There are 2 protein chains.
Amino acid sequence: METYTVKRLVINYKTLEEFKQFKEYGIQELSMLEDLQDNIIENDSESPFYGIYFGDKLVARMSLYRIEAAYDRYFSPPQDYFELWKLEVLPQYQGKGYGKTLVQFAQSFNLPIKTNGRQQSSGFWEKMGFEAVTYNEERDRGENPYVSYPKGVSEQTL
Amino acid sequence: METYTVKRLVINYKTLEEFKQFKEYGIQELSMLEDLQDNIIENDSESPFYGIYFGDKLVARMSLYRIEAAYDRYFSPPQDYFELWKLEVLPQYQGKGYGKTLVQFAQSFNLPIKTNGRQQSSGFWEKMGFEAVTYNEERDRGENPYVSYPKGVSEQTL
């Protein structure tokens, strides 16, 4: 299998235009665009997104956000962990390992990861070593949390 | 337009079997099934779901969960509000007002409501009087929060 390079994406008009190709374009991206237009952030600021380019086209992305240990309600012992969201590969590029590469990149930091598994995605997450958590209505609020436990880390009992 | 009756759903094997028809079936529903099987909850227990039946078939549903004022990070003044999720109408029954009826039912309690607007759903939420919030990465974590403000309630400044 080919190897792909994961890049931390910078916020500029080109990146934000490319983001429109992804189905999960929403308030987060619109907020970045406004911040850029209003000079609240500079051109080429770091974003929470990582992506893979095919040539100069962005074909896969995810957002990775570090949560501090004080807010950890998933892992034991409580610790800093990543929330991973908006993992998405453009339709014509699916099935080629782009999603897997992004998730492995996230796992390479050796921190726990929590994501909200979308419909029909449990097979993918399980293949990547993720497990479903014990559902807690007050914490999970209808989400499908899948988590990745590094060695020595287990589920937090609520 | 026809009027539909919104019912609070009870947890039993029939309801849980009907839930499988909905795309957003996930860990929450599996957890209910396990609780029923393990006698952790009784047959016909109340669920956080509300639904509309066409004859004896469940054709639309939503989950409504009350968050206490102490945890309110969306509304000013801070107050109890509803989180609404898994609003879904079965494909053959869409476009007939079922979704609208469920949301109006939620609004009839006269509490603020917060939901996570899915792809391409902003038109629906805006028609129902919802507004997009000012995105906050730490709070919203990639979500698309749409909120409904009753009279006298406004956005919380973070």
Using alpha-carbon coordinates, inclination of helix A:98-107 to the longest axis of chain A, degrees: 60
Listed residue (B:M128, B:F75, B:S63) projecting farthest to the positive dipole end of segment B:6-155, Cβ model: B:M128
In nm, spacing of pseudo-spin labels at B:Y13 and A:K57 (7 Å Cα→C-beta vector): 5.2
Unsatisfied cross-links (Cα-Cα over 18 Å) in the set B:K57/B:K96; B:K20/B:K86; A:K23/A:K57; A:K23/A:K114; A:K57/A:K96: A:K23/A:K114
Rounded if a/c under 1.5, otherwise prolate or oblate - the protein assembly as shown, Cα gyration tensor axes: prolate
Rounded Å value of the spacing that divides the Cα centres of segment B:2-76 and segment A:20-74: 33
Alpha-carbon radius of gyration plus Dmax, which is the widest Cα pair, for segment B:6-155 in Å: 16.0, 45
Occluded residues from segment B:122-154, i.e. those whose accessible area drops by 30 Å² or more once the chain is not alone (1.4 Å probe): B:Y135, B:E137, B:E138, B:R141, B:G142, B:N144
Exposed-loop-free span, longest in chain A, where GluC sites (Glu not before Pro) count as exposed if DSSP calls them loop and at most 16 other C-beta atoms lie within 10 Å: A:69-158
Interface B:A - total buried accessible surface [probe 1.4 Å, Å², rounded to 100]: 2200
Computed over chain B: relative contact order in percent, which uses C-alpha pairs under 8 Å that are six or more apart: 20
Accessible surface, the protein assembly as shown, averaged per residue in Å² (probe 1.4 Å): 52
Residues in segment B:7-32 that a label on B:E42 would reach, taking backbone N under 12 Å of a point 7 Å out along Cα→Cβ: none
Tilt relative to chain B, helix B:27-37 - C-alpha long axis, 0 to 90 degrees, to 10: 40
Accessible surface of the protein assembly as shown, 1.4 Å probe, proportion on carbon and sulfur as whole %: 47
Expected 222 nm ellipticity per residue - DSSP helices of 4 or more, -39500 (n - 2.57), all of chain B, to 500: -6500 deg cm²/dmol
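The values are calculated or read from the model by the stated rules, or taken from the named source; none is laboratory data. What you see is a predicted model; the values in this text were computed from it and never measured. Virtual Cβ from ideal backbone geometry, glycine too; neighbours counted across all protein chains shown. The area values use the complete protein model at the heavy-atom level, side chains included, leaving out ligands, DNA and RNA. Shrake-Rupley method; radii C 1.70, N 1.55, O 1.52, S 1.80 Å.
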